[in-house]
Amino acid sequence: MFKKILLSAACGILPATAHATWRSATSTHFVIYTEGSEASAKELAVKLEKFEFVMRTVAGVKQAGSPIRTKVYMLPNSEAVQATMPFGGSPGVAGYFDGDMRGPYAVMTRTDTGDSYGLAAQTVLFHELSHQFMFRFFPAAYPTWYVEGFADFYGTMTIDSNDRVEIGRPLENRYLAFTGNNWMPIAKLLSARNYGDVGDVSMLYSEGWLLVHYLSTTDKRSGQLAKYLSAINAGTSFEDAARLAFGDLGKLNAELFDYSDHYRQQIMVLPFKQIDPGKVELATLTPAQQALIGYDIRLDSGVPAAEVAGFADQVAAVAKRFPDNPYALGILTDAQRLAGRDADALATVAHWIQIAPNDGLALMHKAAIEMAALRAAKETDPEKWKALRRLLGQANTLTPNDPRILRTYYDVYAAQGGLPPESAQGVLVQAFDLLPEVEDLRLEVALDFERRGEFQDAITTIKPIAYTLRADADLSPAQKARRDKEKARYRMAGQPAVGGDTPRQVLERLERELAAAKPKPA
């Protein structure tokens, strides 16, 4: 997925658009925010709902999915997009996608060049929504080449005014990687778990996309990709899974190399009847939202730890213009808590509850702040912990299906000490079902299963994110030190300092625990 890296941008919040009028378009699965016209916001909402419909139809997905809408912020140009990124970004960036406990979101430019190089805003957004779709409906352990190839393949989807859909259109930036006889042996691609297992990341992306394209648009190797992925998830090594599924890898290598000259002839065309995108509600944001939406985006994308104090000061300066507005108080509370100013946040929350007593998020913040205080004091009085859980139960009644409320309920039990009851585990899993793409939430669920000795459930939960990074055993001491230094340098506010097991390490531990727990043969 698109990562936010490079040099830190100053804490300026969309200065070029400070006086623009923000509007929203809310559909079943998305909410679009734009400084452009209502028509452009509605057009994007309709397009994304149709994309969602096509993905569900092609994959045969019937389940409703999470009710948490994906937020999409449409900014005027790539410079504005870049300014929202916590450590800057590459010049000309068309957009990015991410998500945390505040929900999934995308930031993109309003203008779309419509190019075929995979850099246009719509292509970036469709690519990332394809990742999200895979994570939500088909979570499993996938090699990186397939994760990115799948997203590239569906990311170029086009839907015309008659709802004629084309999938697998040419992606020139991938094709250009093959010029000059550049090529990675297919055996190396199929055995690569992640980026670190190959020397050329560009070729991993390009051949991964080409292989997905080949296996999806031709019938020469029907069922082999599914067999390969199933074998990996059954515990077969990547190398053995490749040979088991595809047979002679030299023959596959030759086929794919030849296909690199002819893939443009293969595009999936799906003529749908009229696709109903559902209802789209249009609105103009309130004055408080107009003033604070830039900070809202920054809270989504993340604030560097080194900049969080200044960020919180800026939010406070703007929020004081709206002292009785729940949205403004919510943004202010998030900023204060992120900066570690719990006393200030508690005072803000007290006023928030006073003016909006039925806002479950206000009660959640109050409980979370007081939970941190009880934990720091090593409080042993069970009644004080029960009071927090009662408060969170009330919050959940007022604002149901909010993953932050649900997770905080579980965290109160965890902070009190001991193993949370099964009822609390169920609440944590409910939060996870709402936001399965949030990695630290997935990790928390896996660790809860581990504490209960439910090792297979823990493995199933952690596997989808376990292969995104190289295993520590594959890194030299110098590489580990460099990795930890980069983590510290790019640490976001609210994230723990360097340390703790990676998902890969957790998976390896769980597999050992599962093996040890199995009864020995007689």
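The values are calculated or read from the model by the stated rules, or taken from the named source; none is laboratory data. Bear in mind that the values here come from a model prediction, so they are computed numbers and not experimental data. As a convention, Cβ positions derive from the backbone with ideal geometry for all residues, glycine included, and neighbour counts pool all protein chains shown.
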Being assigned by the TED database to the domain that holds Ser260, surrounded by fewer than 19 Cβ atoms within 10 Å (Cβ to Cβ) and either hydrophobic (A, V, I, L, M, F, W, C) or out of contact with any helix residue (DSSP H, G or I) (no Cβ under 7 Å at 6 or more places or on another chain) (or both): is that true of Phe137 here? no
Need the failing condition index for Ser161 against (1) free of Cβ contacts under 8 Å to residues at least 40 places away in the same chain; (2) not assigned by the TED database to the domain that holds Asp276, just the number. (2)
For region 368-387, does any single residue satisfy the condition of being under 27 Å from Arg69 (Cα atoms), hydrophobic (A, V, I, L, M, F, W, C), surrounded by fewer than 15 Cβ atoms within 10 Å (Cβ to Cβ) and touching a residue at least 24 places away in the same chain (Cβ under 8 Å)? no
Matching entry among Ala316, Ala309, Ala305 (being surrounded by fewer than 21 Cβ atoms within 10 Å (Cβ to Cβ) and either β-branched (Val, Ile, Thr) or at pLDDT below 95 (or both)): Ala305
Residue in region 178-202 that is surrounded by the fewest Cβ atoms within 10 Å (Cβ to Cβ), counting only those that are without any contact (Cβ under 8 Å) to a residue 24 or more places away in the chain and hydrophobic (A, V, I, L, M, F, W, C): Val201
Within region 247-302, restricting attention to residues that are closer than 30 Å to Thr21 by Cα and among the acidic types (Asp, Glu), which residue is surrounded by the most Cβ atoms within 10 Å (Cβ to Cβ)? Asp296
Can you give me the number of residues within region 85-119 that are at pLDDT 90 or above, over 10 Å from the mean Cα position of the chain (by Cα) and not in a loop (DSSP other than H, G, I, E, B)? 2
Check on Ile167, more than 24 Å from the chain's Cα centre (by Cα) and of a type in the set (A, V, I, L, M, F, W, C): no
Condition (residue is in contact (Cβ under 8 Å) with a residue 40 or more places away in the chain, out of contact with any Asp or Glu (no Cβ under 7 Å at 6 or more places or on another chain), outside any helix (DSSP H, G or I) and not assigned by the TED database to the domain that holds Arg56) applied to region 248-265: is it met by at least one residue? yes
Got a number for residues in region 213-233 being at negative phi and assigned to a loop (DSSP other than H, G, I, E, B)? 5
Of the residues Trp209, Trp183, which single one is aromatic (Phe, Trp, Tyr) and either closer than 30 Å to Gln274 by Cβ or part of a loop (DSSP other than H, G, I, E, B) (or both)? Trp183
Pairs under 7 Å by beta carbon, first residue within 17 Å of Val147 (Cα to Cα) in region 232-244, partner small (Gly, Ala, Ser) and surrounded by 16 or more Cβ atoms within 10 Å (Cβ to Cβ), six or more apart or different chains? Ile232/Ala141; Ile232/Ala241; Asn233/Ala141; Phe238/Ser191; Ala241/Ala231; Ala242/Ala187; Ala242/Ser191
Residues to consider are Ala347, Ala356, Ala362, Ala339; find the one that is within 17 Å of Val412 (Cβ to Cβ) and of a type in the set (Gly, Ala, Ser). Ala362
Search region 33-55 for residues being free of Cβ contacts under 8 Å to residues at least 60 places away in the same chain and not acidic (Asp, Glu), and hand back the single one that is surrounded by the most Cβ atoms within 10 Å (Cβ to Cβ). Leu44
When you check Tyr175 against the structure, is it more than 26 Å from Thr460 (Cα to Cα), part of a helix (DSSP H, G or I), touching a residue at least 60 places away in the same chain (Cβ under 8 Å) and of a type in the set (Phe, Trp, Tyr), yes or no? yes
Sort out which residues of region 210-236 are within 21 Å of Pro139 (Cβ to Cβ) and either outside the structural domain of Thr179 (by the TED database) or hydroxyl-bearing (Ser, Thr, Tyr) (or both), and write them in order of number. Ser216, Tyr228, Ser230, Thr236
Which one of these is in contact with a His (Cβ under 8 Å, 6 or more places away or on another chain) and either at pLDDT below 95 or of a type in the set (D, E, K, R) (or both): Arg337, Arg390? Arg337
I'd like to know if region 352-359 contains one or more residues that are under 30 Å from the mean Cα position of the chain (by Cα), crowded, with 18+ Cβ neighbours inside 10 Å, among the hydrophobic types (A, V, I, L, M, F, W, C) and in a loop (DSSP other than H, G, I, E, B). no
Working only within region 400-454, note down all residues that are under 24 Å from Ile369 (Cβ atoms) and among the aromatic types (Phe, Trp, Tyr). Tyr409, Tyr410, Tyr413, Phe432
Please find, within region 49-75, the residue that is nearest to Gln122 (Cα to Cα) out of those that are assigned to a loop (DSSP other than H, G, I, E, B) and either within 21 Å of the chain's Cα centre (by Cα) or modelled with pLDDT under 90 (or both). Arg69
